[in-house]
Amino acid sequence: MNILEIIQKKRDKNVLTRSEIAFFMKGYTKGDITDYQAAALIMAIYLNGMTDEEQFHFTMEMAESGDLLDLSTIGGTIVDKHSTGGVGDKVSLILLPLISSLGVKVAKMSGRGLGFTGGTLDKLEAIPGYRVELSEEEFIQNVKKIGISMISQTQNLAPADKKIYALRDSISCVESIPLIASSVMSKKIASGAQKIMLEVTYGRGAFMKTKERAKQLAEQMVRIGALANRETQYILTSMEQPLGYSVRKYLRNY
């Protein structure tokens, strides 16, 4: 098995096996597969798509490229929320502390800006002294002690996704349902939460321009979650205008 055969297979619109996907993930994470070879495969996936089975294997191999956090010692209900992002998306900064205040523990691995979006972590790092790069032990202890923790991907959590995430941004392969779904769900699975809420955005300020494509993405992530034994639900959010301004406008009217 070699990467050129795998690239050619996907280029020709054939289905990759789990062993082929695992070969790519391990090789790219270790540096044995170059960025230009990985870019060729990612572009082939972008153009030709993946089956549900391929997406599940792609997701699990990214999640299993590093540590899988075990949050069972924390106890209680542990949830995670993820947004596909957009212009003015600040929901996590408000919603997750509210959920934690109700006694529901929140364990979230968040992402950085992708394409034209600003990531939640990028916003948090604008606060002087705020740390988003915590160890796995600190992450778990924060959830135990204060009921919430939001961190960036460490070197040991889904490292394959971290590399592919950056690569997609650099080769204009962001707006792909299979690649978005696999990236999001690999982080959710690696970070250990058993209940996952997905906010999938659509409109001018989001990656998915139509509600129909947003729904396709949401349903694909729910299918991946079901195969991974994670309770997963979604909500669709219009991003025809920045969410923060919409909230302020609504509150002023009441």
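All of the numbers you see were taken from the coordinates with simple rules; none came from a lab. Keep in mind the model is a prediction, meaning the values are calculated, not measured. As a convention, Cβ positions derive from the backbone with ideal geometry for all residues, glycine included, and neighbour counts pool all protein chains shown.
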The simple spin-label model distance between Gln241 and Thr77, using points 7 Å out along Cα→Cβ, in nm, is 3.3 nm
Acute angle (nearest 10 degrees) that the helix 18-30 long axis makes with the longest principal axis of the chain, alpha-carbon atoms: 70 degrees
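Quote the FRET efficiency, to the nearest 0.05, computed for Ile99 versus Ala166 with a Förster distance R0 of 30 Å and r equal to the Cβ-Cβ distance. Numbers along the way, then the final one.
Numbers: r = 30 Å, r/R0 = 0.98.
My answer for the efficiency is 0.50.
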To the nearest 10 degrees, how steep is helix 159-170 against the longest Cα principal axis of the chain, on a 0 to 90 scale? 90 degrees
State which entries of Lys10/Lys81; Lys9/Lys108; Lys13/Lys81; Lys90/Lys145; Lys30/Lys211; Lys9/Lys195 exceed 28 angstrom in Cα-Cα distance in the structure shown. Lys10/Lys81; Lys9/Lys108; Lys13/Lys81; Lys30/Lys211; Lys9/Lys195
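Given Cα pairs under 8 Å that are at least 6 residues apart, what percent is the relative contact order of the chain?
Details: 423 pairs, mean separation 59.2, N = 254.
Relative contact order, the chain: 23 percent.
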Rounded to the nearest 10 degrees, what's the angle between the helix 35-48 long axis and the longest principal axis of the chain, both from Cα atoms, 0 to 90? 80 degrees
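Go through 1-8, 215-222 and give me the packing order, highest mean Cβ count within 10 Å leading.
Details: 1-8: 14.8, 215-222: 20.0.
Descending mean neighbour count gives 215-222, 1-8.
If the viscosity is 0.692 mPa s and the temperature 37 °C, what Stokes-Einstein diffusion coefficient in µm²/s follows for segment 35-120 when Rh is the Kirkwood radius over Cα pairs?
Working: Rh = 16.0 Å.
Stokes-Einstein gives a translational diffusion coefficient of 205 µm²/s.
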Rounded to the nearest 0.05, what FRET efficiency is calculated for Leu68 and Ser19 with R0 set to 22 Å and r the Cβ-Cβ distance? 0.65
Based on DSSP H runs of at least 4 residues, each adding -39500 (n - 2.57), what is the mean residue ellipticity at 222 nm of the chain after dividing by all its residues, to the nearest 500 deg cm²/dmol? -15500 deg cm²/dmol
Could you state, as a whole-number percent, how many of the C-alpha pairs of segment 3-63 are farther apart than 19 Å? 18 percent
Under 5 Å from the placed amide H of Thr232, counting only residues 5+ away or on other chains, we find Ile196
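Would you work out the relative contact order for segment 3-63, in percent, from Cα pairs under 8 angstrom that are 6 or more residues apart? Numbers along the way, then the final one.
On the way: 44 pairs, mean separation 28.5, N = 61.
So the answer I get is 47 percent.
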For the chain, give the magnitude of the charge dipole about the Cα centre (Cβ charges: +1 Lys/Arg, -1 Asp/Glu; no others), in debye to the nearest 20. 860 debye
I'd like the distance separating the alpha-carbon centroids of segment 54-105 and segment 127-183, in whole Å. 10 Å
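Stretched out fully, how many nm does the piece from Ile146 to Gln216 gain, at 0.36 nm a residue minus the Cα gap? Numbers along the way, then the final one.
Details: separation 70, 0.36 × 70 = 25.20 nm, distance 3.57 nm.
Result: 21.6 nm gained on full extension.
Averaging over all projection directions, find the projected area of the Cα convex hull of segment 78-250 and quote it in nm² with one decimal place. Mind dumping the intermediate values first?
Working: hull surface 39.8 nm².
Mean orientational projected area (segment 78-250, Cα hull): 10.0 nm².
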